[in-house]
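A short worksheet on the structure shown next.
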Amino acid sequence: MLFRDSTPTACGLGQAAMGPFYCPADSKVYLDLSFFDELAQRFRAPGQFAQAYVVAHEIGHHVQNLLGISEKAHQMRARMSRRDGNALSVRVELQADCFAGVWAFHANRQRGGTMIDAHDVEQALTAATAIGDDRLQRQTQGTVVPDSFTHGTSAQRVRWFRVGLDSGELGRCDTFRAQLL
């Protein structure tokens, strides 16, 4: 679902300040179009493949929902401290980044290896870097608070997208068992 400003969802009011998001209650991805403007201008991550990475990340959350991962993580988070819940959220988000890479691998393969080139990959990696918790916190607060991360650092987001892109295997996206995020 494309929107600007705000839109009603089964998860409550979707607002531009939230950026793109997945709502498990209606199984829809909500894409705030102004976020893509901000991605290109403020975060200096322009390009169609940067946008495709963001969309694929949100679709990754839908895959997590279909596989039961989202519900299990939600149940676990309810029994955790805020800090531990944030750490679990990071693993969920990094897995969605990895799933985005898996999509890119297979989309490229399906089109004979000609859909994605090095420039496209660079656009996705620039976007992943731009929206890492560490970078966003440094820009908005001037300081970085790792315990408050919910999506992962720029380096983690890039790493997990690359894991999916390089392998094309969902099984390689097990961020929950990974020692190194």
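Just so it is clear, none of the values below were taken in a lab; they were calculated from the coordinates. Predicted model only: the values in this text are computed from it and were never measured. Neighbour counts run over all protein chains shown; Cβ positions are idealised from the backbone, glycine included.
Normalized C-alpha radius of gyration of region 108-180, against 2.2 N^0.38 Å?
So the Cα radius of gyration is 1.29 times the expected 2.2 N^0.38 Å.
Beyond 17 Å, what share of the Cα-Cα pairs of region 93-146 remains, rounded to the nearest whole percent?
Cα-Cα pairs in region 93-146 separated by more than 17 Å: 49 percent.
Take the Cα pairs of the chain, get the Kirkwood Rh, then feed it into Stokes-Einstein at 25 °C and 0.890 mPa s and tell me D in µm²/s.
My calculation gives 148 µm²/s for D.
What number comes out for the charge environment of Ala178, summing +1 per Lys or Arg and -1 per Asp or Glu over other residues with Cβ under 11 Å away?
Net charge in that neighbourhood comes out at +3.
Return the distance in nm (one decimal) between the two label points of a simple spin-label model at Leu170 and Thr143, each offset 7 Å from Cα along Cα→Cβ.
It is 4.2 nm.
Please report the relative contact order for region 36-173, taking Cα pairs under 8 Å with a sequence separation of at least 6, and give it as a percent rounded to a whole number.
33 percent
Under a Cβ-Cβ limit of 4.7 Å, which cysteines in the chain have nobody to pair with?
If one checks each Cβ against the other cysteines of the chain, every cysteine finds a neighbour under 4.7 Å.
Would you please give the residues with an amide H less than 5 Å from that of Lys28, counting only those at least 5 places away or on a separate chain, with H modeled from the backbone geometry?
Cys23
Mind checking the full-extension length gain between Asp117 and Ala155? Use 0.36 nm per residue of separation minus the Cα-Cα distance, one decimal, nm.
11.6 nm
Estimate the FRET efficiency between Arg109 and Gln41 by the formula 1/(1 + (r/R0)^6), using the beta-carbon distance for r and 22 Å for R0, to the nearest 0.05.
E(calc), rounded to 0.05, equals 0.10.
Please compute the net charge surrounding Leu94, taking Lys and Arg as +1 and Asp and Glu as -1 over other residues with Cβ under 13 Å from its Cβ.
Local charge sum for Leu94: +2.
Apply 1/(1 + (r/R0)^6) to the Cβ-Cβ distance of Leu136 and Ser27, taking R0 = 30 Å, and write down the FRET efficiency to the nearest 0.05.
In this case the efficiency is close to 0.65.
Can you check what the net charge comes to around Trp160, using other residues whose Cβ is under 10 Å from the Cβ of Trp160 (Lys, Arg +1; Asp, Glu -1)?
Spelling it out: positives minus negatives among the neighbours equals +3.
Which far-off residues, 5 or more places away or on another chain, put their amide H under 5 Å from the one on Gly14, with H placed in the peptide plane?
The list, which skips near neighbours in sequence, is Thr7, Thr9.
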